[in-house]
Amino acid sequence: CSTSNTITTNPSLQATLWVQNSVEFDALTTMAYQTAAFKLDEALADKNWTASVEQKSMDVSELPPAIILDIDETVLDNSPFQARMIKQNSEYNSEAWEKWVLEANADAIAGAVDFTNKAAEKGITVIYLSNREANTEEETRQNLIAEGFPISDKTDVVLLKGEQENWTSSKIERRKKVAETHRIIMLFGDDFNDFLPAKNISEMQRNALLKQYESNIGTKWFVLPNPIYGSWNDAMFNFDRSLTDEQKLEATHQHLHPKN
């Protein structure tokens, strides 16, 4: 049937199956969060320790500590949404995505709840910084609370795109906002843009940035696996959303690197 054919040919099928069914995916996310937990005391003790490029030239020694985590595919698992799209023979669209977010039914990523609660118990402010739309904040908070994540009642810790005029998908201004009031000791995300400005730059530039900041990986920056979507995929097309499916397929094949 057509549904079967769609399932077997959908480009995100294997990635979605891996996220939803492999013990290896859960092992990787658990490893990231357990590694971060081992570094918490060291990060707290060193008053100059910061994970934020925005705080590079700042005196952060008197600021209270915070960690910043992306939400989608970092603390909440949205692979059921992707599975739904595959089953329905649908492509991503913002209306379907918002409907999923408003359901507030995503499960926690393995390791994330234990880690964030451990951080909160140590007096660290846990901040969730996401490109979900501002109008979904209440449902997002409900989902996080239902899964057991700590949510401060003293300050707004769910910072979504569009809450303020300059809060765009780049996340730069929101990280700057947090950097004014907190020493950012760790960053978590599934996309390089969760750590520093990495949108609309080439793969070569992205690789150069990784080399520049590689000492942060596994100590201050913790990258969660996401083979389904992200700026890694958009970078293959030079962030050109106008390309046809055929042009994207051709570009994808050009990024395969077999050795002769």
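The values are calculated or read from the model by the stated rules, or taken from the named source; none is laboratory data. If you're wondering where the values come from, they're calculated on a predicted model, not measured in any experiment. Every residue, glycine as well, gets a Cβ built from its backbone with ideal geometry; the counts of neighbours run over all protein chains shown. These accessible areas exclude ligands, DNA and RNA; they are computed on the full protein's heavy atoms, side chains included. Shrake-Rupley method; radii C 1.70, N 1.55, O 1.52, S 1.80 Å.
Observations on the model:
- Top-ranked residue of region 109-154 - restricted to ones that are of a type in the set (Asp, Glu) and farther than 22 Å from residue 93 by Cα, ranked as least open to solvent (accessible area, probe 1.4 Å): 147
- When the residues of region 220-260 are filtered to those that are free of Cβ contacts under 8 Å to residues at least 40 places away in the same chain and of a type in the set (S, T, N, Q), the one that is most open to solvent (accessible area, probe 1.4 Å) is 260.
- Condition met for residue 168 (open to solvent by 30 Å² or more (accessible area, probe 1.4 Å), of a type in the set (Ser, Thr, Tyr), under 18 Å from the mean Cα position of the chain (by Cα) and closer than 30 Å to residue 239 by Cα): yes
- Considering the conditions (1) on the phi < 0 side of the Ramachandran plot; (2) out of contact with any His (no Cβ under 8 Å at 6 or more places or on another chain); (3) of a type in the set (A, V, I, L, M, F, W, C), residue 236 is excluded by exactly one of them, (2).
- Residue within region 155-164 that is under 17 Å from residue 108 (Cα atoms) and open to solvent by less than 30 Å² (accessible area, probe 1.4 Å) present: yes
- Selection status of residue 217, β-branched (Val, Ile, Thr), without any contact (Cβ under 8 Å) to a residue 12 or more places away in the chain and either touching an Asp or Glu at 6+ places or on another chain (Cβ under 7 Å) or closer than 30 Å to residue 27 by Cβ (or both): yes
- Any hit, region 193-202, residues being closer than 17 Å to residue 128 by Cα, modelled with pLDDT under 95, open to solvent by less than 60 Å² (accessible area, probe 1.4 Å) and assigned to a loop (DSSP other than H, G, I, E, B): yes
- From the list 174, 84, the one residue that fits, being out of contact with any helix residue (DSSP H, G or I) (no Cβ under 7 Å at 6 or more places or on another chain), within 24 Å of residue 241 (Cβ to Cβ) and surrounded by fewer than 18 Cβ atoms within 10 Å (Cβ to Cβ), is 84.
- Residues in region 29-59 that are touching a Lys or Arg at 6+ places or on another chain (Cβ under 8 Å), farther than 16 Å from residue 114 by Cα and small (Gly, Ala, Ser): 43, 51, 52.
- Residue in region 62-75 that is over 20 Å from residue 222 (Cα atoms), open to solvent by less than 50 Å² (accessible area, probe 1.4 Å) and touching a residue at least 40 places away in the same chain (Cβ under 8 Å) present: yes
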